[in-house]
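Visitor: I am attaching a structure below and will ask some questions about it afterwards.
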Amino acid sequence: MNVIRLGLVASMVFLAGCGDDTVRKPENQEGVTSQVEELNVSIRFETNLTAEALQARLPLTLSMQDLHQNEKYFYFDEPFPTNPERVGSIRAGDVMLYGDDCLVLFYKDVETSYAYTRIGRVEDFATLEPLLGSGTVELTFQK
């Protein structure tokens with residue numbers, strides 16, 4: 001399984017780069033910026049065509065919207081190869097594809113009857129989880 005870095009920019013909340021992934025609060029209307037902490041998060045990819053196709057598109061910065069207060073999602077313009085399965089139980093940190101064009105990052109455990117193609121899993125998800133919040137976030141995926 002391949003590993004990549006995942007940086008996070010939570011809109012109006014935090015800003016993270018990749019590599020050493022420094023997390024900062026963005027400037028507020030008064031122009032004050034403050035350092036919060038450093039963050040280093042990786043994704044371990046499945047060995048399948050979908051994960052390979054996503055990695056071939058890297059680097060990517062995606063504006064991911066919130067859905068059901070348990071997942072972030074982004075629709076691509078171009079489809080991915082798929083091999084969907086009814087996964088049943090989803091764990092926080094799972095990265096999956098819904099349909100052939102919707103990337104999903106789950107930030108809470110959930111039971112589902114929907115079918116997804118597994119892409120990978122965020123390692124040490126507890127580090128990332130508090131930064132996701134309930135709004136739209138920007139996630140940067142890079143090797």
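Visitor: Figure the gain on full extension for Ala115 and Leu49 (residue separation times 0.36 nm, minus the Cα-Cα span) and round it to one decimal in nm.
Guide: 22.1 nm is the gain from fully extending Ala115 to Leu49.
Visitor: Working from the pairwise distances between different alpha carbons, so that the mean of 1/r is found and then inverted, what is region 40-129's Kirkwood radius in Å?
Guide: One over the average 1/r among Cα pairs gives 13.2 Å for region 40-129.
Visitor: If you don't mind, there's one more thing I want to ask. Keeping every protein chain in place, order Lys108, Lys72 by accessible area at 1.4 Å, biggest value first, i.e. largest first.
Guide: Ranking Lys108, Lys72 by accessible area, largest first, yields Lys108, Lys72.
Visitor: If we count every other residue with Cβ under 12 angstrom of Phe76's Cβ, Lys/Arg +1 and Asp/Glu -1, where does the sum land?
Guide: Net charge around Phe76: -3.
Visitor: Can you tell me the length gained on complete extension of the stretch Asn83 to Gln142, counting 0.36 nm per residue apart and subtracting the Cα distance?
Guide: Contour length minus the Cα-Cα distance gives 18.9 nm.
Visitor: Which order do you get for Tyr98, Tyr107 if you rank them by accessible area with a 1.4 Å probe, largest at the top?
Guide: Order by accessible area, largest first: Tyr98, Tyr107.
Visitor: Pull out the extension gain between Ala126 and Leu60, defined as 0.36 nm times the separation in residues minus the alpha carbon to alpha carbon distance; nm, one decimal.
Guide: So the extension gain works out to 21.5 nm.
The values are calculated or read from the model by the stated rules, or taken from the named source; none is laboratory data. Note that the structure is predicted; figures quoted are calculated from it, not measured. Because the Cβ atoms are built from the backbone with ideal geometry, glycine has one as well, and the counts that use them run over all protein chains shown. Surface areas here come from the heavy atoms of the whole protein model, side chains and all, with no ligands, DNA or RNA. Shrake-Rupley method; radii C 1.70, N 1.55, O 1.52, S 1.80 Å.
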